[in-house]
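J.: Here it is: the structure, laid out below.
The values are calculated or read from the model by the stated rules, or taken from the named source; none is laboratory data. Fair warning: this is a prediction, and the values are worked out from it, not measured in the lab. Cβ: placed from backbone, ideal geometry, glycine included. Neighbour counts: every protein chain shown.
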Amino acid sequence: MSSPPHSSLLDWTADSVGQSAGDHLAAFRSLILVHWAVQSWSWMIADISVPIAVGPLGFGVFAVVFTVCFLLSLTRRGLIACRVAAPVAFLIVAGSFPFTANHTYLAAWLLFLFAVLDIGAPDEEGLALRAMRWMAVIIFFWAGVQKFSYGMYFRGEFLAWMIAHAGDRWSDVFGWLLPEAELDRLRGYPRYMIGGGPYRVASLPFLLVANSVWIGEITLAAGMLWRRTREWAALAAIALTLTIQLAPREYMFALLYTQLLLLFVRGSWNRRLFWPFVLAYVYLLSVVLGAPGDFLLKSSGDL
């Protein structure tokens with residue numbers, strides 16, 4: 001199939017002429033609603049102090065709305081489902097600002113796109129696909145640029161600080177890259193002490209891993225714009241995302257961003273993996289309810 005000319009920046013993420021992504025997008029649309037439903041149920045069950053004054057009852061109402069919209073999206077009423085759910089999502093974003101989690105912002109904007117664009121219409125299907133791919137590219141690229149501009153990855157200071165102060169999960173994931181004496185030094189610092197440190201380390205493997213994060217984010221973002229490297233760059237970005245999330249345990253973000261990156265991969269993988277993704281969300285929610293798997297929760301006890 002021929003490739004369309006790049007008449008605008010948006011077209012840089014377009015597919016070849018004649019390719020359809022309707023099934024892929026429809027599955028992703030339903031998964032966004034599952035994401036919102038599970039997140040809302042978890043806020044209600046765990047009674048987390050989320051900075052929006054609705055309490056467990058309010059989040060229960062939100063969870064019911066998102067759950068019903070998810071079930072509706074499995075029919076031919078997916079567009080209506082998103083138009084009902086989107087205002088609720090933005091109410092949560094507005095009510096929790098400026099403490100809104102990044103993945104909550106992302107889920108809200110994706111839901112907004114599904115609410116305003118009818119993926120059943122060919123022109124709007126293509127526009128939705130290109131816009132969502134650009135969101136993935138911008139997020140990955142800017143994450144790398146921020147790490148570069150802060151300069152706290154060049155000598156491993158950020159990861160060293162997290163190992164020292166953010167609990168065992170960071171040292172479990174990255175501590176093996178450090179000599180035992182260095183690891184003991186970092187763990188021995190008083191927690192959150194102003195003027196503490198130093199947090200620079202001399203371990204070459206540790207520094208390589210720290211710098212590979214921002215280099216990988218910038219490079220893979222560029223790779224997703226070139227059609228010949230798009231799929232491999234997206235798959236590598238998925239692997240990098242999942243690896244990064246092992247320490248902070250942001251598995252809700254990991255699931256959401258993986259699904260977003262799968263839009264770059266041919267084969268409607270969100271549709272193929274739809275029920276495994278749903279089961280993953282349900283299991284995360286069951287952990288909040290007390291099922292085995294505390295290691296999947298954030299330190300707050302939330303998802």
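J.: Taking residue 172 and the conditions (1) surrounded by 14 or more Cβ atoms within 10 Å (Cβ to Cβ); (2) under 22 Å from residue 249 (Cβ atoms); (3) under 25 Å from the mean Cα position of the chain (by Cα), which numbered condition does it fall short on, given that it satisfies the others?
T.: Just one mismatch for residue 172, condition (1).
J.: May I pose another question? What helices (runs of 4 or more DSSP H), lying completely within the range 92-186, carry at least 3 residues that are more than 16 Å from residue 247 (Cβ to Cβ), modelled with pLDDT of 85 or more and among the aliphatic types (A, V, I, L, M)?
T.: Numbers: elements: 102-116, 122-150, 157-165, 168-174.
Of the helices (runs of 4 or more DSSP H) lying wholly inside the range 92-186, those with at least 3 residues that are more than 16 Å from residue 247 (Cβ to Cβ), modelled with pLDDT of 85 or more and among the aliphatic types (A, V, I, L, M) span 102-116, 122-150.
J.: A follow-up question, please. Check the range 78-87 and report whether any residue there is touching a Ser or Thr at 6+ places or on another chain (Cβ under 8 Å) and at pLDDT 95 or above. Walk me through how you get there before you give the answer.
T.: If we filter the range 78-87 for residues that are touching a Ser or Thr at 6+ places or on another chain (Cβ under 8 Å), which is where we start, we get 78, 81-82.
Filter once more, so that each one left must be at pLDDT 95 or above: 81-82.
There is at least one residue in the range 78-87 that is touching a Ser or Thr at 6+ places or on another chain (Cβ under 8 Å) and at pLDDT 95 or above.
J.: What residue, among those in the range 240-249 that are part of a helix (DSSP H, G or I) and not hydroxyl-bearing (Ser, Thr, Tyr), is nearest to residue 159 (Cα to Cα)?
T.: Ranking the qualifying residues of the range 240-249, first place goes to 244.
J.: Collect the residues in the range 199-239 that are closer than 15 Å to residue 261 by Cβ and outside any helix (DSSP H, G or I), keeping them in residue-number order. So that I can check it myself, show each step before the final result.
T.: Narrowing the range 199-239 to residues closer than 15 Å to residue 261 by Cβ: 216-217, 219-225, 229-239.
Once the filter is applied, which keeps residues that are closer than 15 Å to residue 261 by Cβ and outside any helix (DSSP H, G or I), the range 199-239 yields 224, 225, 229.
J.: Give me the pairs, please: first residue somewhere in the range 169-187 and touching a residue at least 40 places away in the same chain (Cβ under 8 Å), second residue anywhere and outside any helix (DSSP H, G or I), beta-carbon distance under 7 Å, and either six or more positions apart or on two chains.
T.: 169/247; 169/249; 170/247; 173/246; 173/247; 174/247
J.: Look through 136, 164 and report the one residue that is surrounded by 21 or more Cβ atoms within 10 Å (Cβ to Cβ) and in contact (Cβ under 8 Å) with a residue 60 or more places away in the chain.
T.: 136
J.: May I pose another question? Would you mind telling me which numbered condition in (1) closer than 26 Å to residue 266 by Cα; (2) at pLDDT 90 or above residue 243 fails?
T.: (2)
J.: Sticking with this one: Can you name every residue in the range 43-70 that is exposed (fewer than 15 other Cβ atoms within 10 Å of the Cβ), modelled with pLDDT of 85 or more and either within 24 Å of the chain's Cα centre (by Cα) or not β-branched (Val, Ile, Thr) (or both)?
T.: Filtering the range 43-70 for residues exposed (fewer than 15 other Cβ atoms within 10 Å of the Cβ) gives 47, 49, 51, 53, 55-57, 61, 64.
Within this subset, residues satisfying the condition of being modelled with pLDDT of 85 or more are 61, 64.
Within the range 43-70, just 64 meets the criteria.
One line per residue, one yes/no per condition, for (1) among the basic types (Lys, Arg); (2) more than 24 Å from residue 142 (Cβ to Cβ); (3) surrounded by 15 or more Cβ atoms within 10 Å (Cβ to Cβ):
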{"residue": "227", "(1), (2), (3)": "yes, no, no"}
{"residue": "231", "(1), (2), (3)": "no, no, yes"}
{"residue": "249", "(1), (2), (3)": "yes, no, yes"}
{"residue": "263", "(1), (2), (3)": "no, no, yes"}
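J.: If residue 190 satisfies every condition in (1) in contact (Cβ under 8 Å) with a residue 24 or more places away in the chain; (2) in contact with a Gly (Cβ under 9 Å, 6 or more places away or on another chain); (3) more than 30 Å from residue 266 (Cα to Cα) but one, which is the exception?
T.: (1)
J.: Out of (1) surrounded by fewer than 18 Cβ atoms within 10 Å (Cβ to Cβ); (2) in contact with a Phe, Trp or Tyr (Cβ under 8 Å, 6 or more places away or on another chain); (3) of a type outside the set (Ser, Thr, Tyr); (4) not in a loop (DSSP other than H, G, I, E, B), the odd one out for residue 196 is which?
T.: In the conditions (1) surrounded by fewer than 18 Cβ atoms within 10 Å (Cβ to Cβ); (2) in contact with a Phe, Trp or Tyr (Cβ under 8 Å, 6 or more places away or on another chain); (3) of a type outside the set (Ser, Thr, Tyr); (4) not in a loop (DSSP other than H, G, I, E, B), residue 196 misses (4) alone.
J.: Going by the structure shown, is residue 94 free of Cβ contacts under 8 Å to residues at least 60 places away in the same chain and either under 23 Å from residue 45 (Cα atoms) or touching a helix residue (DSSP H, G or I) at 6+ places or on another chain (Cβ under 6 Å) (or both)? Working first, answer last.
T.: Details: free of Cβ contacts under 8 Å to residues at least 60 places away in the same chain: yes; either under 23 Å from residue 45 (Cα atoms) or touching a helix residue (DSSP H, G or I) at 6+ places or on another chain (Cβ under 6 Å) (or both): yes.
Yes.
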